[in-house]
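Participant: Starting off with a structure, shown below.
Bear in mind these aren't lab numbers, they're just calculated from the coordinates by the rules spelled out. Because the structure is predicted, anything quoted here is derived from the model rather than measured. A quick note on method: Cβ atoms are made from the backbone with ideal geometry, for glycine too, and the neighbour counts reach across all protein chains shown.
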Amino acid sequence: MELDARVARYLERAARSGLGVRDVASLSGDASDRSYYRIVTDGGARVLALLPQPFDPGTLPFLNVARLFEAIPVRVPRVDDVSGEDGILLLEDAGDELLQVVPSSERPPLYREAVEIVARIQRRGAELASPSFIPYGVVFDEEKLTWELEYFRKHFLEGLAGARLSPQERDRLKPWWARLASDLSRRPRVLCHRDYHSRNLMRHDGGLVVLDFQDARLGPRTYDLVSLLSDSYVALDAELVRDMKRYYAELAGIAAADLEEEYAPMALQRNLKALGTFGYQIGVRGKEVYRPHVPHTLALVRANLDRHPEWDALRLLLAAHLPELS
């Protein structure tokens, strides 16, 4: 295969220093602009992450958050080498078994562990708060939450779905965005992974390894739980979702009714943002791999709207252009 020049340069240098490279294979990436390769060496497999450009290891969010998560502790891929001038990280290979592909019969203990990790991130995250860690200076505030809802409007509703919103319809959406963002931004803030779902959790050596954590920040305490249980990438059994909500409430010391009251608007905002991401990835970047996840995400939005008649006016506004919500 033809390698990126920076990868080839790095591997040549590594070979001279004794790293016996036997094979290099490209791995499927995520929605970011990073590229990944599996490097098979004499000492075993590693994952090489190629960032878009060179970086300063002292300020790279991935390395900063990795140190924080290791202190919590959360199991993340071990960093075996850093080459900032090449924009390369050499990481532990956690395998290929994403939580997304684990058979439903094997999910309960893994989801229980995943919920425990969420609770641990929140509890220990509060104890480890320090300006030396990047996530404590980045917040899901009202402005950011509103931006994400506008992202849905631009890239999914008007973009991928081709809705032709009138100026009046746009104006009618704004109070709903403000209501959701205001509600969520006033909730208790905790440390959040930011993208905690089945494609970023890997089953490895009997437990879960957490991936793609570099965008961690402070946000509503239901953010990661929603990402896990109202997941665009996997349809979960309703009983499992109920059990995991109950388990989280126990771990976090939250009344079940209070948790549900916080969970619903967070799920609505998070799923709309996910649709915005799919719209951007499909419509702008041409990544059709995300299209199969659109119907399930729309179904999650509809089910949430069905349970909350106070959002009927929003549903009618969106359903005029998205028949899946009618």
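Participant: Enumerate the amide H contacts of Thr41 below 5 Å, restricted to partners 5 or more residues apart or on another chain; note that Pro and chain-start residues carry no placed amide H.
Facilitator: Arg22, Arg46
Participant: Which one of Val301, Val115, Val79 has the biggest mean-square fluctuation once the chain is modelled by GNM with Cα springs under 10 Å?
Facilitator: Val79
Participant: Turning to a different aspect of this structure: Using Cα pairs under 8 angstrom and six or more residues apart, how large is the relative contact order of the chain, in percent? Working shown, then result.
Facilitator: Values: 484 pairs, mean separation 55.0, N = 326.
That works out to 17 percent.
Participant: Shifting gears a bit: With r as the distance between the Cβ atoms of Ser26 and Asp306 and R0 = 56 Å, compute the FRET efficiency 1/(1 + (r/R0)^6) and round to 0.05.
Facilitator: The calculated FRET efficiency here is 0.85.
Participant: Just order 242-249, 168-175 by mean Cβ neighbour count inside 10 Å, highest at the front, would you?
Facilitator: Peptide ranking by packing, descending: 242-249, 168-175.
Participant: Also, quick follow-up: Please turn the phi angles of region 69-76 into ³J(HN,Hα) values with the Karplus equation 6.51 cos²θ - 1.76 cosθ + 1.60 (θ = phi - 60°), one per residue in order, whole Hz, x for glycine and proline.
Facilitator: 5, 5, 6, 5, x, 10, 6, 10
Participant: Toward the positive end of the charge dipole of region 99-325, about the Cα centre and with charges on Cβ (Lys, Arg +1; Asp, Glu -1), which of Ala319, Ala255, Leu225 goes farthest?
Facilitator: The residue sitting most towards the positive pole is Ala319.
Participant: Work out the charge dipole of region 22-92 with +1 on the Cβ of Lys and Arg and -1 on the Cβ of Asp and Glu about the Cα centre, then indicate which of Gly87, Phe55, Thr41 is farthest towards its positive end.
Facilitator: Thr41
Participant: Mind putting a number on the dipole of region 99-325 about its Cα centre? Charges go on the C-beta only, +1 for Lys and Arg and -1 for Asp and Glu, and I need it in Debye to the nearest 20.
Facilitator: Dipole about the Cα centre, nearest 20: 420 debye.
Participant: Okay, next question. Taking the Cβ of Cys192 as the centre, find all other residues whose Cβ is under 15 Å away and add up their charges (Lys, Arg: +1; Asp, Glu: -1). Walk me through the numbers before you get to the answer.
Facilitator: Working: positive: Arg120, Arg123, Arg124, Lys144, Arg187, Arg189, Arg194, Arg217, Arg221, Arg270, Lys273; negative: Asp141, Glu148, Asp195, Asp212, Asp215, Asp224, Glu262.
Within the 15 Å Cβ shell, the charges total +4.
Participant: Figure the gain on full extension for Ala163 and Ser105 (residue separation times 0.36 nm, minus the Cα-Cα span) and round it to one decimal in nm.
Facilitator: Length gained, Ala163 through Ser105: 16.9 nm.
Participant: Ranking request for peptides 131-144, 212-225, 250-263: highest mean number of other beta-carbon atoms within 10 Å first, then the rest in descending order.
Facilitator: In descending order of packing, they fall as 212-225, 131-144, 250-263.
Participant: Next question. So how many Lys-Lys pairs in the chain land under 16 Å Cα to Cα, not counting same-chain pairs under 8 apart? The partial results should precede the final answer.
Facilitator: Details: Lys144/Lys154; Lys144/Lys174; Lys144/Lys273; Lys154/Lys174; Lys154/Lys273; Lys174/Lys273.
The number of close lysine pairs in the chain is 6.
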